[in-house]
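> Below: one structure in structure tokens.
The values are calculated or read from the model by the stated rules, or taken from the named source; none is laboratory data. Since this is a predicted model, take the numbers as computed values, not measurements. Here the Cβ positions follow ideal geometry from the backbone for every residue, glycine too, while neighbour counts run over all protein chains shown. SASA here: full protein model, heavy atoms, side chains in, ligands and nucleic acids out. Shrake-Rupley method; radii C 1.70, N 1.55, O 1.52, S 1.80 Å.
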Amino acid sequence: MKNLYIVLVMVVTLIILSGCTNEQPAELMFEPLEESVQIEQDIETKQGPLTEAEQNEAELYTEMLTLSSVEEIELLADEAIASAESRRTIMEEEYELIEESYTVFQEIEPHVEEIDEEEAEQKTHGEELIQVMDERYDVYQELHEVYMASIEDDITLYEMAKTEDVEVEDLQAQHEIVNESYSQITSLNDQFNELTSSYNEAKVAFYEASDLDINFE
């Protein structure tokens, strides 16, 4: 089954210590950058239930294949379908968090444009932040689309399993479709995690290049 693991962008604890009255672009960027992190932290609470549902469905489907009683298979299939529907709800909630986080992150863009050209290193790292986050967001969009479609594939598989006259070849064909979805999700998830790591590194580099007095814990 699909195990969707989201690596959060929180890599350091940051505290602004400077007391400047005229805030520089980097200082104005700090709040939305860290707010977007805080929003995504809520995603972590959804990973346990999501993984548990995936594992439960895998076990239910394996058990279905060992049964000959249509009634018993129907009970397990219906339970698996309900589990898949619960994953759909979790993913919709996760999607809303990613959207909210990205919207907040976009508040930094005008501030990056305001960075003085003399602060070339700071500006470069700020632009890199935007580029990496945009790529990360695009990959998540594709990941979410494929994952949601895979839920439909799973439900189709469970519905077929409880059909009394289903052909073994048809069941196997649908199982292969599910496995292909798994491969796509794994690949996209790896891309997402790699981009998250790149974003974390770019954010630290930006803070280090800025004039902010920050504690890295």
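> Given a 1.4 Å probe, how much area per residue of region 64-129 is accessible, in Å²?
55
> Out of the total accessible area of the chain (probe 1.4 Å, heavy atoms of protein only), what percent is carbon and sulfur?
45
> I'd like the distance between the alpha-carbon centres of region 24-56 and region 59-101, rounded to an integer number of Å.
Here the two parts' Cα centres lie 25 Å apart.
> Would you mind estimating how fast the chain diffuses translationally, via Stokes-Einstein at 10 °C and 1.306 mPa s with the Kirkwood radius over Cα pairs, in µm²/s?
The estimated diffusion coefficient comes to 81 µm²/s.
> Please list the three semi-axes, largest first and in whole Å, of the ellipsoid equivalent to region 87-131, using sqrt of 5 times the eigenvalues of its alpha carbon gyration tensor.
Those come to 32, 9, 4 Å.
> Quick check on packing: order 124-133, 182-191 by the mean number of other C-beta atoms within 10 Å, highest mean leading.
Descending mean neighbour count gives 124-133, 182-191.
> Could you point to the residue in 171, 115, 70 farthest towards the positive end of the chain's charge dipole, with +1 and -1 charges on the Cβ of Lys/Arg and Asp/Glu respectively?
Farthest along the dipole direction, towards plus: 70.
> Next question. Which whole-number percent is the relative contact order of the chain (Cα, under 8 Å, 6+ apart)?
Relative CO of the chain lands at 37 percent.
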